[in-house]
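Everything on this sheet refers to the single structure shown next.
The values are calculated or read from the model by the stated rules, or taken from the named source; none is laboratory data. In this text the structure is predicted, and so the values were computed from the model without any measurement. In this analysis, Cβ positions are derived from the backbone assuming ideal geometry, glycine residues included, and neighbour counts consider all displayed protein chains.
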Amino acid sequence: MKTLALFTLILFGTSIVNAQIQSEEITIQNKEIQLPGTLTYSQENTPLIIWVHGSGPIDRNGNQPAQNVNANYIKQFRDAVNTKNIAFFSYDKRTANKENSAFLKDTKIMDFASDAQAAVNHFKNKKIFSEIILIGHSQGSLVAMFASKNVTKYISIAGAGETIDKILVQQISKNNPTLGEAAKQQFDTLRMKGKIEVVHPFLISLFAKPMQSFWSAWMSLNPLEEIKKLTVPVLIIHGNKDLQVNIENAKALHTANLKSKLVIIKNMNHVLKDIQKEEDNLSSYYSNAFPISEKLIETIVSFVKK
């Protein structure tokens, strides 16, 4: 009977906690672009985190179903910060919503920044929460720098500290140095001429004509120059198990803005998972079974509530 009573008490207590989290489906409208998202919070007049996505057609939970990427890391992050009385909003990236298909031609990085700014402005105008914190993850680190108007704090997670051409060359060279050198030459051509007439046969998917203007616009943006311009408190986070962006990028961002705080998290990978075995690193991109880094949550909660 005592065991039953204890189980009932625990179950009832858990239900109360869950019942306290309110969830609202909100669509941010940025001209023709629709950004459906989810807002979760325990009460009003608390800090609100808005998430800015990394590369690819990522949904509000951190998944890319077409690519079988089901890490669910944004959903895990949401659930974790909600328990700390922090509100959270994330939306389906414009490229993840089929309703936007007709409006995606010639999309550039600054269009993603415009989407993020629209989300910030929405909640700023509502005046529901005490402050707005912008988190930019991976590609979103740079995007969020441009969308930081009207926010109180900025957080970069796994952000690049170099222009995108240098990052991609590094990533390609890691597996194939010869192909990495070819990619560098193609980027140099794109920078000087604005287009690539003859694309390397092994780099066609990267430098297809529809992509060239996208890369050209992105590589002209230097995150080190942009982070210098931020006047709000800045937190830079990087995991030492990140396979896509190395720690030197976080250090470079920190050096560019010495007022920032830099935190390197042990065993955290690019999709924010706690990785104890090297063989699990890539696997964690395709499964929600791996836990999100607890140190990441602790670090962000401390920064938000400071």
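Numerical summary
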item: Count of residues meeting criterion [buried (at least 20 other Cβ atoms within 10 Å of the Cβ) and in a loop (DSSP other than H, G, I, E, B)] in the stretch 164-193; result: 0
item: Any pair with Cβ under 6 angstrom, 6 or more apart, that starts in the stretch 247-265 at a residue that is assigned by TED's automatic domain parsing to the domain that holds Y154 and ends at one that is assigned to a helix (DSSP H, G or I) and among the polar types (S, T, N, Q); result: V263/T299
item: Selection within the stretch 19-44 - over 10 Å from N85 (Cα atoms) and part of a loop (DSSP other than H, G, I, E, B); result: K31, E32
item: Residues (in a loop (DSSP other than H, G, I, E, B) and touching a residue at least 12 places away in the same chain (Cβ under 8 Å)) located in the stretch 106-128; result: D106, T107, K108, I128
item: Hits in the stretch 133-150 - residues which are surrounded by 22 or more Cβ atoms within 10 Å (Cβ to Cβ) and outside any helix (DSSP H, G or I); result: I133, L134, I135, G136, H137, S138, A147, S148
item: Exclusive hit being more than 16 Å from G56 (Cα to Cα), over 19 Å from the mean Cα position of the chain (by Cα) and among the small types (G, A, S), set A182, A119; result: A182
item: Residues that are farther than 26 Å from K108 by Cα, among the hydrophobic types (A, V, I, L, M, F, W, C) and part of a loop (DSSP other than H, G, I, E, B), drawn from the stretch 45-92; result: I86
item: Selection count, the stretch 226-244, where residues are in contact (Cβ under 8 Å) with a residue 12 or more places away in the chain and either part of a helix (DSSP H, G or I) or not hydrophobic (A, V, I, L, M, F, W, C) (or both); result: 11
item: Any hit, the stretch 276-285, residues being within 21 Å of T83 (Cβ to Cβ) and either touching a residue at least 24 places away in the same chain (Cβ under 8 Å) or of a type in the set (K, R) (or both); result: no
item: Which numbered condition I196 misses (of (1) crowded, with 19+ Cβ neighbours inside 10 Å; (2) within 23 Å of the chain's Cα centre (by Cα); (3) not polar (S, T, N, Q)); result: (2)
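Let's see how each residue does on (1) of a type in the set (S, T, N, Q); (2) buried (at least 22 other Cβ atoms within 10 Å of the Cβ); (3) out of contact with any Leu (no Cβ under 6 Å at 6 or more places or on another chain):
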position: T40; (1), (2), (3): yes, no, yes
position: E44; (1), (2), (3): no, no, yes
position: P47; (1), (2), (3): no, no, yes
position: Q67; (1), (2), (3): yes, no, yes
position: N70; (1), (2), (3): yes, no, yes
position: Y73; (1), (2), (3): no, yes, no
position: K84; (1), (2), (3): no, no, yes
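So that you can scan it fast, the table gives a plain yes or no per residue for (1) touching a residue at least 40 places away in the same chain (Cβ under 8 Å); (2) under 23 Å from M110 (Cα atoms); (3) among the aliphatic types (A, V, I, L, M):
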{"site": "S130", "(1), (2), (3)": "yes, no, no"}
{"site": "V143", "(1), (2), (3)": "yes, yes, yes"}
{"site": "V151", "(1), (2), (3)": "yes, yes, yes"}
{"site": "N176", "(1), (2), (3)": "no, no, no"}
{"site": "D188", "(1), (2), (3)": "no, yes, no"}
{"site": "I196", "(1), (2), (3)": "no, yes, yes"}
{"site": "V199", "(1), (2), (3)": "no, no, yes"}
